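One structure below.
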Amino acid sequence: MTYCVGMLIDAGLIMMADTRTNAGIDNVSTFKKMHIFEGKDRFISVATAGNLSVTQATLSKLEEGIKNPETEEIETLETVPTMFRAAELVGKVLRSTQLQIKAGYEAEGVSFGATMLLGGRIGDEPLKLFLIYDVGNSISCGRETPYLQIGELKYGKPILDRALTSETPFNEAVKLGLISFDSTMRSNLAVGLPIDIVMLRNIPNSKPAFYRVERTDPYFQTLSREWGIKLREAQASIPRPPFVSPLE
C-alpha cells in the first residue's frame, strides 16, 4: 500500500508520495514512487500507487514511447503537446500493461490494480493535475476540491477536506499535506517515510523544488508532535456533551 497526494492551488502545485511497499509483514521495502519527466518546455511529475510491477512496467513503456496511430510517430511524455494529452497517454499505457498481465495475476489471486497522479505544465499552459485510474480514464483537479489522492487515502482526507482551499498559501498547503501523511501513518503501517515532495509555484519561469522527508527529519518530527498536542488541546476546549452527566 502507499499514499500519494497532489494539491493544485492558486499558488502552485505540490505533490507528495511515500516510499513504502508491503508484500506481507515480513517483506517491507522502500521504492521511489515519484517520477519526473523534464524537458526545455515542460515539467511533469508522476506519482504511483498499486501493483509495483504494473507501475514500473508502465513507466518503462512511457520512457520508451508508444506509436501514435494517427501520426505513426513515437510519442512520449517529452513530446506530447499538452498535459491533457499526457494524461491520455499515461492512461492508455497503464491500461495496456494491465491487460497484458491480467491473466497471470488473476490465476494467482494477486491484485494488479494501479493508479497514478500526473501533474505539471507544458509550455505556457496553466498547471494541471490529473488522477489516472487503472482502466485508463482520468479526472482533473478543480478549484472546488483542490487535491487528488491515490492509495491509502481515507486517513489523510479529512485533514484536507477541512482545511485546504484553492486560496491556501503555498507553505500552509505543504504543511497540510504533511499532516495528512502523519495522520495516515498513525493509522496504517503500510504507509511510511521517507516522503518525496515536488513543489512548483505558479509564477513565471518558476523552477521545481524537491525535498525528501527522511525518518530523522526534525521539522516532520516537530510537526507530528505539535499536531498531536494541538488536537488534544482542541478536544479539551470543546464543551462537554449536554446529554452526559457532569459526574462522568
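The values are calculated or read from the model by the stated rules, or taken from the named source; none is laboratory data. Model, not experiment: these values are computed from the prediction. Neighbour counts are summed over all protein chains in view; Cβ atoms, including those assigned to glycine, are modelled from backbone coordinates with ideal geometry.
Looking only at segment 26-54, which residues are modelled with pLDDT of 95 or more and among the hydroxyl-bearing types (S, T, Y)?
Scanning segment 26-54 gives S45, T48.
Could you tell me which residue of segment 56-76 is farthest from A114 (Cα to Cα), considering only residues that are touching a helix residue (DSSP H, G or I) at 6+ places or on another chain (Cβ under 8 Å) and either crowded, with 16+ Cβ neighbours inside 10 Å or not β-branched (V, I, T) (or both)?
Result: E75.
Scan segment 135-156 for residues that are without any contact (Cβ under 8 Å) to a residue 24 or more places away in the chain and farther than 21 Å from V46 by Cβ and jot them down.
Residues satisfying the conditions are R143, E144, K154.
Looking at segment 201-222, I want the residues that are within 18 Å of K175 (Cβ to Cβ) and have a partner that is of a type in the set (S, T, N, Q) and not in a helix (DSSP H, G or I) with Cβ atoms under 9 Å, at least 6 apart or on another chain. Which pairs are those?
R212/T19
Residue check: is I150 at pLDDT 95 or above, outside any loop (DSSP other than H, G, I, E, B) and under 20 Å from K33 (Cβ atoms)?
So I150 fits the description; yes.
Rundown of residues vs (1) closer than 22 Å to Q149 by Cα; (2) in contact with a strand residue (DSSP E or B) (Cβ under 8 Å, 6 or more places away or on another chain); (3) part of a strand (DSSP E or B); (4) not hydrophobic (A, V, I, L, M, F, W, C), yes/no style:
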| position | (1), (2), (3), (4) |
| --- | --- |
| A49 | yes, yes, yes, no |
| V54 | yes, yes, no, no |
| A57 | yes, no, no, no |
| K61 | no, no, no, yes |
| T71 | no, no, no, yes |
| F84 | yes, yes, no, no |
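How do the pairs read when you match residues in segment 68-82 that are at positive phi with residues anywhere that are part of a loop (DSSP other than H, G, I, E, B) and surrounded by 14 or more Cβ atoms within 10 Å (Cβ to Cβ), using Cβ under 7 Å and keeping only pairs 6 or more apart or on different chains?
Here the result reads none, with nothing in segment 68-82 linked to a residue that is part of a loop (DSSP other than H, G, I, E, B) and surrounded by 14 or more Cβ atoms within 10 Å (Cβ to Cβ).
Of the conditions (1) more than 20 Å from K33 (Cα to Cα); (2) basic (K, R); (3) under 18 Å from the mean Cα position of the chain (by Cα), K102 fails just one. Which one is it?
(3)
Among the residues of segment 33-51, which ones are surrounded by 13 or more Cβ atoms within 10 Å (Cβ to Cβ) and among the charged types (D, E, K, R)?
K33, E38, R42
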